[in-house]
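Step one of this worksheet: look at the structure below.
The values are calculated or read from the model by the stated rules, or taken from the named source; none is laboratory data. Just so it is clear, the structure is predicted and the values come from calculations on it, not from any experiment. Reconstructed Cβ throughout: ideal geometry from the backbone, glycine too, with neighbour counts over all protein chains shown. Keep in mind that these areas ignore ligands, DNA and RNA; they rest on the heavy atoms of the full protein, side chains included. Shrake-Rupley method; radii C 1.70, N 1.55, O 1.52, S 1.80 Å.
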Amino acid sequence: MNALSKTGDVMTMIGLIDDTMMTRHCIRKDPMRCTLTVIYTDRLEECHAFYAGLGLRLHPERHGSGPAHYAAVLDDGMVFELYPAGAREPTGGLRLGFTTGATPKLEPGRHVLHDPDGRAVEVVVAAVR
């Protein structure tokens with residue numbers, strides 16, 4: 001990954017490169033960051049297995065009398081949680097993206113997978129240098 005920063009207007013150019021494509025995104029830096037993502041699902045154990053298979057270290061949790069669920073804390077401090085939908089509607093159309101180091105399940109590059117509920121999950125596996 002490369003990043004070129006232009007001072008003054010706080011514009012950043014980020015390029016993700018793999019064997020088959022090159023994508024560039026212009027992103028205006030913002031002091032806000034995502035700290036929590038919660039997915040409600042009717043397939044809690046299947047989703048747990050899927051996301052754990054990507055390398056997320058999901059741990060079982062329960063807060064007071066609330067439902068048992070799974071949570072992982074990512075390197076940047078963001079919390080990712082899987083909850084049973086119960087009386088709530090399951091989380092619908094959502095596209096998630098993760099970047100990870102080498103994993104035995106995926107080759108380096110960009111992969112678009114689908115979790116057990118059908119949500120698109122983009123996984124970028126960094127090449128080991």
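Observations
- Within the accessible surface of region 64-110, defined with a 1.4 Å probe on protein heavy atoms only, the carbon and sulfur portion equals 52 percent.
- In a simple Cβ point-charge model (Lys, Arg +1; Asp, Glu -1; nothing else charged), region 61-129 has a dipole of about 120 debye relative to its Cα centre.
- Taking all protein chains into account, the per residue accessible area for region 57-129 stands at 64 Å² (1.4 Å probe).
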